[in-house]
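Working notes, structure below.
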Amino acid sequence: MIVLLGAVLAAAAMFLVARPLLLSDDDSGSSAPPATATPAAPAPATPSKASTTAKPKIVILPDVPKPLATKLRFSKVVVASVYSGTSKSDRAAVAQARAGAKEVGAGFVALNVLDEATARQVQPFAGTASAPVVLVVKRPGKIATRFDTAVDSALVAQAARNAGAGR
């Protein structure tokens with residue numbers, strides 16, 4: 001019985017020594033017990049590629065009227081129709097300018113100079129002229145083409161296209 005007990009103790013001791021070798025994945029032959037792993041510090045989050053590609057800031061010249069500046073933030077070329085009141089000729093000029101802008105995908109804004117606040121913004125930008133006036137403006141707020149009279153939509157569309165609309 002003592003022999004049997006000694007054999008069992010020898011087998012248990014051998015099992016404890018050989019166990020790390022049998023369960024180890026590496027082929028180094030080391031009999032040292034595996035070290036306890038400490039959790040690694042989480043890596044700092046790297047910004048995704050989409051967030052690193054920032055949109056360029058759109059710069060608009062300071063003397064551009066606010067309604068026109070707002071449209072220039074969304075369109076490279078904007079057709080501005082400067083009119084006064086609700087006369088038939090002014091409404092027709094605004095309609096033609098709007099149609100020409102729509103034809104080439106340019107922005108459009110109508111500026112009524114009977115409104116004093118609008119007139120104060122338009123005068124330093126476009127100078128003095130009797131309405132209707134059609135301006136084709138491209139970023140950052142430069143007047144590319146100026147028509148001091150009513151024009152048809154085809155002429156407005158061509159001027160906007162020449163300024164870069166639809167590209």
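The values are calculated or read from the model by the stated rules, or taken from the named source; none is laboratory data. Quick caveat: nothing in here was measured; it's all calculated off a predicted structure. Glycine also receives a Cβ, built like all others from the backbone with ideal geometry; neighbour counts cover every protein chain displayed.
Listed values, structure above:
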{"item": "Checklist (1) modelled with pLDDT of 95 or more; (2) of a type outside the set (Lys, Arg); (3) over 27 Å from PRO62 (Cα atoms) applied to LEU111, failing item", "result": "(3)"}
{"item": "Positions within the stretch 134-150 being among the aliphatic types (A, V, I, L, M) and modelled with pLDDT under 95, in sequence order", "result": "ALA150"}
{"item": "The stretch 98-117, subset out of contact with any Pro (no Cβ under 8 Å at 6 or more places or on another chain) and aliphatic (A, V, I, L, M), residue surrounded by the fewest Cβ atoms within 10 Å (Cβ to Cβ)", "result": "ALA117"}
{"item": "Count of residues meeting criterion [free of Cβ contacts under 8 Å to residues at least 60 places away in the same chain, surrounded by 15 or more Cβ atoms within 10 Å (Cβ to Cβ) and either on the phi > 0 side of the Ramachandran plot or more than 25 Å from the chain's Cα centre (by Cα) (or both)] in the stretch 130-142", "result": "5"}
